[in-house]
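Student: Supplied in structure tokens, the structure appears directly below.
What follows is calculated from the coordinates using simple rules that are stated; it is not laboratory data. Computed from a predicted model, the values in this text were never measured in an experiment. Here the Cβ positions follow ideal geometry from the backbone for every residue, glycine too, while neighbour counts run over all protein chains shown.
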Amino acid sequence: MVIVTASAGLLTQSGGVWSWTFDVIDGPDDSQVVTISATDSDGFNTEVTFQLNVNNVAPEYVGFFVTQGLIIFDTMTIGPVSFVDASSVDTHTALLDWGDGTSPEFVTVTPSSGTGTYGTVSESHVYDSNGFFEVTVALADDDGDGDPQTFYTSRPNALRAKMGEKPGQGKGLNLNG
Ligand SMILES: [Ca+2]
Ligand SMILES: [Ca+2]
């Protein structure tokens, strides 16, 4: 009779052949030194030791919704921005830079469960000036890997809209030839 043990993972035996498997939950936290040992009934022992490296996987967007690419009034809303992460235990942050000179802000990441989608981000911002803005959502997990996403938006006609004009209206250019 042989007793086989492993410091981590699962051992199974079929036809006298032992197999070792390990269900990864999170990288790199699941990384470790693994020792598998076999001892027979006479006390003879052999073992193997190896380093198991589990890599972290960055979160990945699965949905990215922008309410307004063109900001007609003051406020632009993004979200829900949904993402998945291979790890079920990683936590996440989202740093949002609205591109108008205001300080980037960490916004709330709402985790979900049981749906295959790990979390969502939704946020609004009030622009004080007209212009063309580069907006960046920098999503990252607690291991420092992320997936920054950049898009562009503009607010060229906000004042006209407030005055009841439609985009494109206003003072015209008349030429006489
Ligand atoms: Ca991780
Ligand atoms: Ca991760």
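Student: Can you sort 118, 152, 61 from fewest to most other Cβ atoms within 10 Å of each residue's own Cβ?
Tutor: On the way: 118 22, 152 11, 61 14.
Ascending number of Cβ neighbours within 10 Å: 152, 61, 118.
Student: Using r as the Cβ-Cβ distance of residue 132 and residue 88, and R0 as 35 Å, what FRET efficiency do you calculate, to the nearest 0.05? Walk me through the numbers before you get to the answer.
Tutor: Values: r = 40 Å, r/R0 = 1.13.
In this case the efficiency is close to 0.30.
Student: At a Förster distance of 30 Å, what's the computed FRET efficiency of residue 103 paired with residue 52, Cβ-Cβ distance as r, to 0.05? Let's see the in-between values first.
Tutor: Values: r = 42 Å, r/R0 = 1.39.
Approximately 0.10, to the nearest 0.05.
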